[in-house]
Amino acid sequence: MDIVTGILLVIHLLGWAMALGMAIAGMRGGELPKGATHGVLTALVAGILLVGMAEMGDGDVNHMKIGVKALVAIGATVVAFLGDRDRKAGKKGSPMIPTLAGLIVVNVAVAVLWN
């Protein structure tokens, strides 16, 4: 089980890294790249699976922290889809790009700083 949890954690972190990288790259170009939505969805699904693995194990799960992280992740997913919609409509300078980057940073900060 530890190997599966480790693999899911790596996938989760890579999803957030991909989404943040795409958001930062989009700030320069003015539109959110296609991969940001995929990165956010990857991180969201992997996070849900990580919580499921933690619930099956013997350890305690901080449900308040998981709830806050889930809300931020769902918010980031919505923002990524809105940014994708703006890209398809040809809009430049979408406010969704810095919002997505901020939500990702908040999610990572909650994960690291909340004990």
Of all the residues that make up the range 74-115, how many are surrounded by fewer than 22 Cβ atoms within 10 Å (Cβ to Cβ), of a type in the set (S, T, N, Q) and within 15 Å of the chain's Cα centre (by Cα)? 2
One residue from Gly52, Gly39 being buried (at least 16 other Cβ atoms within 10 Å of the Cβ), under 18 Å from the mean Cα position of the chain (by Cα) and among the small types (Gly, Ala, Ser): Gly39
Selected residue (criterion: nearest to Ala25 (Cα to Cα)) from residues of the range 79-110 that are polar (S, T, N, Q) and outside any loop (DSSP other than H, G, I, E, B): Thr99
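Any idea which of Leu20, Leu14, Leu71 is free of Cβ contacts under 8 Å to residues at least 24 places away in the same chain, closer than 16 Å to Ala111 by Cβ, in a helix (DSSP H, G or I) and within 11 Å of the chain's Cα centre (by Cα)? Step through it out loud before you land on a result.
On the way: Leu20 fails: free of Cβ contacts under 8 Å to residues at least 24 places away in the same chain; Leu14 fails: free of Cβ contacts under 8 Å to residues at least 24 places away in the same chain.
Only one candidate passes the filter, namely Leu71.
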Would you mind stating whether Leu82 is among the hydrophobic types (A, V, I, L, M, F, W, C) and within 22 Å of Ala109 (Cβ to Cβ)? no
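Confirm whether Met64 is closer than 19 Å to Ala109 by Cβ, of a type in the set (A, V, I, L, M, F, W, C) and out of contact with any strand residue (DSSP E or B) (no Cβ under 8 Å at 6 or more places or on another chain).
yes
Applying the selection to the range 1-36, what residues are of a type in the set (A, V, I, L, M), over 15 Å from Thr99 (Cα atoms) and surrounded by 14 or more Cβ atoms within 10 Å (Cβ to Cβ)?
Taking the range 1-36 first, the residues of a type in the set (A, V, I, L, M) are 1, 3-4, 7-11, 13-14, 17-20, 22-25, 27, 32, 36.
With over 15 Å from Thr99 (Cα atoms) added as a condition, the list becomes 1, 3-4, 7-11, 13-14, 17-18.
The answer is Leu8, Leu9, Ile11, Leu13, Leu14, Ala17, Met18.
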Pair list, Cβ under 8 Å, 6 or more apart: the range 89-107 residue closer than 22 Å to Lys65 by Cβ, other residue aromatic (Phe, Trp, Tyr) and crowded, with 23+ Cβ neighbours inside 10 Å: Ile104/Trp16; Asn107/Trp16
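Readers should treat all values here as calculations from the given coordinates under stated rules, not as data from a laboratory. As the structure is a computational prediction, the values presented were derived from the model and not from experiment. With ideal geometry, Cβ positions are generated from the backbone for all residues, glycine too; neighbour counts draw on all protein chains shown.
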